[in-house]
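Down below is the structure, laid out as structure tokens.
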Amino acid sequence: MQEFFQVINIALICYMALIALRIMSTWFRGTAADGAVNTITHYLRQVTDPYLQLFHRFGFLRAGGMDFTPMAGIFVLVVAAEMTRQLANQQQVTMAYFLGVSVFAAWRMASIVVLVFLVACVARFVTLRFLGRTDTPIARMVNALAQAPVSAVSRYIPLRESGSEANYLLLTIVILFGVWIGGRVVTEFLVRYLFSIGQVLG
């Protein structure tokens with residue numbers, strides 16, 4: 001039984017790697033066509049898209065022009081891989097351990113999103129303050145990423161004095177940084193607590 005769970009664990013890790021390659025293949029869409037690259041991309045789509053389509057049913061994963069369905073798919077695989085690893089090593093999984101792994105994996109996914117938004121907002125703020133408005137492909141991508149959190153902040157936290165974009169960007173940066181720090185502290189506390197319960201029950 002231990003060998004069975006080890007094989008499943010390796011298979012899940014390999015499948016996560018294929019999904020990561022599938023995501024990266026979308027970054028190079030529109031580049032010069034190459035037969036080998038197109039063949040590999042086609043194979044990756046055939047292998048990973050049926051699984052990722054399961055998460056496309058959830059509309060909230062595609063909000064603000066962003067598609068988080070691949071991250072949701074990877075989240076499920078991370079939890080499943082950790083469960084199989086635990087079963088291979090300990091032959092048992094407690095509910096507390098499962099919750100701890102789920103909380104940890106969820107925060108890792110969420111922290112990536114928060115950091116991407118944070119970097120985009122900082123880049124947008126620096127551009128506005130020192131370079132003015134630019135219309136390059138990179139600037140448009142940064143603007144699109146920064147727009148989602150800034151819109152959310154401006155909707156729920158109106159500024160009294162000045163509602164300029166730079167002020168909202170600065171407020172959004174502070175909030176995102178606070179979320180990142182606070183989420184990390186809370187997650188570490190919860191995971192340690194749940195793992196300690198799991199060890200006691202185990």
Here is a list of conditions, (1) touching a Leu at 6+ places or on another chain (Cβ under 9 Å); (2) open to solvent by 50 Å² or more (accessible area, probe 1.4 Å); (3) at pLDDT 80 or above, and Leu159 meets all of them except one; can you say which number that is? (3)
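Yes or no, residue by residue, for (1) in a helix (DSSP H, G or I); (2) at pLDDT below 90; (3) under 15 Å from the mean Cα position of the chain (by Cα); (4) not charged (D, E, K, R):
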position	(1), (2), (3), (4)
Ile13	yes, no, no, yes
Met16	yes, no, yes, yes
His42	yes, yes, no, yes
Phe55	no, yes, yes, yes
Val79	yes, no, yes, yes
Ala88	yes, yes, no, yes
Gly100	yes, yes, no, yes
Every residue from segment 111-136 that is closer than 21 Å to Leu176 by Cα, surrounded by fewer than 15 Cβ atoms within 10 Å (Cβ to Cβ) and among the charged types (D, E, K, R): Arg129
Cβ-Cβ below 6 Å, separation at least six or inter-chain, first residue in segment 69-95 and without any contact (Cβ under 8 Å) to a residue 60 or more places away in the chain and open to solvent by less than 50 Å² (accessible area, probe 1.4 Å), second assigned to a helix (DSSP H, G or I) and among the polar types (S, T, N, Q): which pairs? Val79/Ser102
Can you tell me which of (1) under 22 Å from the mean Cα position of the chain (by Cα); (2) modelled with pLDDT under 85 is the one Val119 doesn't meet? (2)
On the given criteria, is Ala139 open to solvent by less than 30 Å² (accessible area, probe 1.4 Å), of a type in the set (A, V, I, L, M, F, W, C) and in contact with a Phe, Trp or Tyr (Cβ under 9 Å, 6 or more places away or on another chain)? no
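The values are calculated or read from the model by the stated rules, or taken from the named source; none is laboratory data. Note that the structure is predicted; figures quoted are calculated from it, not measured. Note: ideal-geometry Cβ built from the backbone for every residue, glycine included; neighbour counts use all protein chains shown. What goes into the accessible areas is simple: the full protein's heavy atoms, side chains included, and nothing from ligands, DNA or RNA. Shrake-Rupley method; radii C 1.70, N 1.55, O 1.52, S 1.80 Å.
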